[in-house]
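Here is the structure we will look at.
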Amino acid sequence: LCPLYLGLYRCRESLRERIARRAAAQFASGFADEVKGLLEMGYDETCPALQGFGYRELVMYHRGRISLEEALERDIKATRAFARRQMTWFRKFAPALWYDVSRSETDEITRQVMVLWENQLKVVRFP
């Protein structure tokens with residue numbers, strides 16, 4: 001049985017919009033208060049958990065170094081850069097079968113993957 005590597009990707013514009021929407025939703029749902037609470041508990045920017053996307057920007061906000069709007073903009077920019085690096089790495093992974101989720105319905109992708117998997121199982125002989 002050979003491994004079946006699958007990759008899902010979106011067109012760049014769709015990905016950029018989704019990253020921005022997700023970050024805005026996180027900030028709107030109390031993310032800044034969460035970080036403020038962590039800082040009040042004694043955690044600081046050297047804590048690994050506060051190095052994640054959004055956290056480091058909100059630490060800067062709570063320290064008075066940047067505005068909340070700038071924290072959001074920086075979070076979006078950092079997340080987009082990370083997504084670009086991920087796709088660069090994944091594109092070099094040749095055995096993967098790639099599916100564009102921005103143009104295909106999830107059900108259709110699932111159907112195609114199931115056909116591939118079932119065809120692979122047909123050629124496998126179990127002892």
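Quick note: the coordinates plus some simple rules give every number you see, no bench work behind them. Note that this is a predicted model, so its numbers are computed, not measured. Quick reminder, even Gly has a Cβ in these numbers, built from the backbone with ideal geometry, and neighbours come from all protein chains shown.
Taking springs between alpha-carbon atoms closer than 10 angstrom, which of Ala32, Ala83, Ala49 fluctuates most in the Gaussian network model of the chain?
Result for the chain, Cα springs under 10 Å: Ala49 fluctuates most.
Can you give the net charge of the other residues whose Cβ lies under 14 Å from the Cβ of Val35, counting K and R as +1 and D and E as -1?
Within the 14 Å Cβ shell, the charges total -2.
Taking 0.36 nm per residue of separation and subtracting the Cα-Cα distance, what length does fully extending Arg12 through Glu105 add?
Contour length minus the Cα-Cα distance gives 31.7 nm.
Quick one: among Gly52, Gly64, Gly42, which has the greatest mean-square fluctuation in a GNM of the chain with alpha-carbon springs under 10 angstrom?
Gly42
What are the residues whose amide H is under 5 Å from the amide H of Trp98, where those residues sit 5 or more places off or on another chain and H is modelled from the backbone?
Residues meeting the criterion, in which the H sits 1.01 Å from N, are Gly7.
Summing Lys, Arg as +1 and Asp, Glu as -1, what charge do residues with Cβ under 13 Å from the Cβ of Arg22 carry, Arg22 excluded?
After counting each charged neighbour, the total is +3.
Tally Lys/Arg at +1 and Asp/Glu at -1 over every other residue whose Cβ is under 13 Å from the Cβ of Arg111; what's the total?
-4
Name the residue from Gln26, Ala83, Leu39 whose Cα lies farthest towards the positive end of the charge dipole of the stretch 12-93, charges +1 on Cβ of Lys and Arg and -1 on Cβ of Asp and Glu.
Selected residue: Ala83.
Could you size up the charge dipole of the stretch 14-99 around its Cα centre, putting +1 on the beta carbon of Lys and Arg and -1 on that of Asp and Glu, and report it in debye to the nearest 20?
680
Mind pulling the per residue volume of the convex hull built on the Cα atoms of the stretch 12-93? Å³ is fine.
It comes to 95 Å³ per residue, whole-number rounded.
So what's the back-of-envelope 222 nm ellipticity for the chain, counting only DSSP H runs of four-plus at -39500 (n - 2.57) apiece and dividing by all residues, rounded to 500?
Using -39500 (n - 2.57) per qualifying helix, the result is -19500 deg cm²/dmol.
Given an 8 Å cut-off on Cα distances and at least 6 residues of separation, report the relative contact order of the chain as a percent.
Normalised by residue count, the contact order of the chain is 42 percent.
Treating the angle as unsigned and between 0 and 90°, give the value, to the nearest 10°, between the Cα long axis of helix 68-91 and the longest Cα principal axis of the chain.
Once rounded, one gets 20 degrees.
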